[in-house]
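Quick notes on the structure that follows.
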Amino acid sequence: MLIPDAYAATFVGLVLVGLFVTFLREWLKPDVAVMGAVAILLAAGLLKSREVLGVFGNSAPITIACLFIISGALSRTGCVDTLGEWLAVAAGGSERRLLAALMLTCLLVSPFINNTPVVMVMIPAVIAVASRRGLAPSRLLIPLSYATILGGLVTMVGTSTNILVDGVARAQGLAPFSMFEISLPALVMAAVGLVFMLIFAPRLLPVRETLTQQFTGSGERWFMTELFVPDNSRLVGRTLREARLSDDTIQVLNLVRGEAELANPEPETRLEAGDRVVVHSHSSAVMALRSTDLVGLQGQPQAGDHDLETLRRRDVVMLEAIVGQTSRYVLRPIRDLDLLTRYGIHLIAVHRRDASFSEIGDDFQLQVGDVLLVEGTPAQIKRFCDNGDLFALTEGRQLASRRHKAPIALGTIVGVMLLAALDVMPIEGLALIGAAVVVLTGCITSDEAYKSIEWPILILIFGMLAISIAMRSSGLDRMLAVQLAELGQGLSPWMMLSLVILITSIATELLSNNAIAVLFTPVVIGLAQQMGVDPRPFVVGVMFAASCSFATPIGYQTNTLVYSAGNYRFSDFARLGIPMNIITWLLCSVLIPLFWPFQS
């Protein structure tokens, strides 16, 4: 060991502090930062290679990966899409009725399906329904995320945090949680939370324009037109500006000259005979050119009398697409995507956090949660989204339609849940069998199954499990438990539990919920042992608090997704989220001791 035993706990603590600062400052992606921390602990001799390799045998991440695949199968077979269609029917014309239908839908489905794909599929449905009823999506998307978070608490497979805490607790010698052990208190919290949102969300949430609304003014339809410069054109030798092809109503996206292709040419670029020019314009702008006899249709008898000939015209649409966790476009510069040449689409703007960018340079790198405003034909945009694993927000992404296999996917998740509840087999074994069933029966292809797994989350979990080993071997977890016991000296177990829940909730708002779950679970088990009480209520407290992230958009993945999709500001989450955090904190403090007494 390179670090003496006396300083081992201090060194591990410093590595954790550095890791948390990296999370907060976003210097690196969380999974990369965690693996860097593991590498430092390995180099310092505070982790052994066999210990790091041993975390890959932990059942929790494997279970989570298999449930990602089953959730992907439920999406691909249209099970979640059906909920969006039902939402449109049930919503009626009232905003409050739509809000109630939305939250109840999410509460029903998220205990059984990972909440991230639920939110990804429901966002386009919510935006579409809101648009048809003249409502702002920003009034609905935060409640969508919060409802899935509350629903995920109801079963052990509802969220990866539940599975992870159970796995860490089992490794510490606690009995495993049953499938529905946490359901009753979670349902009470969900009911109170939904009633609160139904009353106060319409009063506290703002009206925000979507990215499409910000960048489209009059609403006049846009067209993409391909023009040809014939040999006898009077425009040969003139600039695009002189040819009236570069102004506020018309723009040249692409100029093809022989084998060469020039994207977004300058207005002073001169035209040559044989040039093909792809222009983007309002329909009125092309009609104005036609009225001057400048543009004609190729193949018409009088085509030779025109200086430009129309080869083809295509209706184009503007569409918002969100960059997901598994997108291959993450951290790639715009120049590498080659959008115009490869897909024939135009990137108009990118929304990230509180800012929208309309001037996008070649070195601009996309991040998870970015919303892209792209323009092109529906077929071109679909190909772009499918290739990069983006999710269209304003049109609804067309997934492979396998609705006839929906009963298989539904039967699989129901079978996993029931058999786990009956203790027929551990959940990890049932999840593996379930994942195999949906792939072998064609509910989801093998490529789609790999894409449905959120690999950054799994890498983060594996890394944090390794760091928790270093905490245990260095004695840091015991030191933290003793410090926490001294901090709460004289407090009753109930008050100490309430303090643990509050600290976990605050930490989750700033850092990764899964990272907090892994680190805090062994600490609170040690704390309970120091106090001479049953650790189970404290473990449940961490389980609930690590998932109940409402006050910021960075504490939970679904918050990050709706943050960009709804064009929210950071403070919008605090308006509704801080009261939600206080409510769940108080309810957890009261309910947990009732269901899990301190003295077993």
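Computed values, structure above
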item: Charge sum, other residues only, whose C-beta stays under 12 Å from Ala33's C-beta, Lys/Arg counted +1 and Asp/Glu -1; result: 0
item: Cut-off 15 Å between beta-carbons: net charge of the residues surrounding Gly442, Lys and Arg +1, Asp and Glu -1; result: +2
item: Value of Rg/Rh across region 54-161 [Cα atoms, Kirkwood radius]; result: 1.04
item: Percent RCO, i.e. relative contact order, over region 1-134, from Cα pairs under 8 Å lying at least 6 residues apart; result: 20 percent
item: Which of Val482, Val256, Val129 is most accessible, then next, and so on - probe 1.4 Å; result: Val482, Val256, Val129
item: Order of exposure, largest accessible area first, which applies to Lys29, Lys48 with probe 1.4 Å; result: Lys48, Lys29
item: Label corresponding to Rg and Dmax of the Cα atoms in Å when calculated from the structure given, among (i) 23.6, 72; (ii) 27.7, 97; (iii) 24.7, 77; result: (ii)
item: Cα-based convex hull volume of region 1-65 per residue, rounded to whole Å³; result: 96 Å³
item: Accessible surface of region 556-600, 1.4 Å probe, proportion on carbon and sulfur as whole %; result: 71 percent
item: Prolate/oblate/rounded label for region 453-521 (Cα gyration tensor, a/c 1.5); result: oblate
item: Neighbourhood net charge (15 Å Cβ-Cβ; Lys/Arg +1, Asp/Glu -1) for Val154; result: -2
item: Relative contact order of the chain, defined on C-alpha pairs under 8 angstrom at six or more residues apart (%); result: 20 percent
item: Estimated [θ] at 222 nm from DSSP helical runs (n ≥ 4, -39500 (n - 2.57)) normalised by residues in the chain, nearest 500; result: -18000 deg cm²/dmol
item: Protein accessible area in region 1-131, 1.4 Å probe - carbon and sulfur %; result: 67 percent
item: Carbon + sulfur, % of accessible area of region 387-499 - ligands and nucleic acids excluded, 1.4 Å; result: 66 percent
item: Cα gyration tensor shape for region 398-534, rounded if a/c is under 1.5, else prolate or oblate; result: prolate
item: Gyration tensor (alpha-carbon) shape descriptor, region 460-600, a/c threshold 1.5; result: oblate
item: Accessible-area ranking of Phe520, Phe23, Phe573, largest first, probe 1.4 Å; result: Phe520, Phe23, Phe573
item: Whole-number accessible area per residue in Å² for region 95-144, which is evaluated in the context of all protein chains at 1.4 Å; result: 29 Å²
item: For region 117-157, alpha-carbon Rg relative to the globular expectation (2.2 N^0.38 Å, N residues); result: 1.29
item: Those lysines that a straight Cα-Cα span of less than 30 Å connects to Lys405, excepting residues fewer than 8 apart in one chain; result: Lys382, Lys451
item: Probe 1.4 Å - accessible area at Trp585, Å² to nearest ten; result: 70 Å²
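The values are calculated or read from the model by the stated rules, or taken from the named source; none is laboratory data. Quantities reported herein were computed from a predicted structural model and do not represent experimental measurements. Using ideal geometry, Cβ is built from the backbone for each residue, glycine included, and neighbour counts are taken over all protein chains shown. Surface areas here come from the heavy atoms of the whole protein model, side chains and all, with no ligands, DNA or RNA. Shrake-Rupley method; radii C 1.70, N 1.55, O 1.52, S 1.80 Å.
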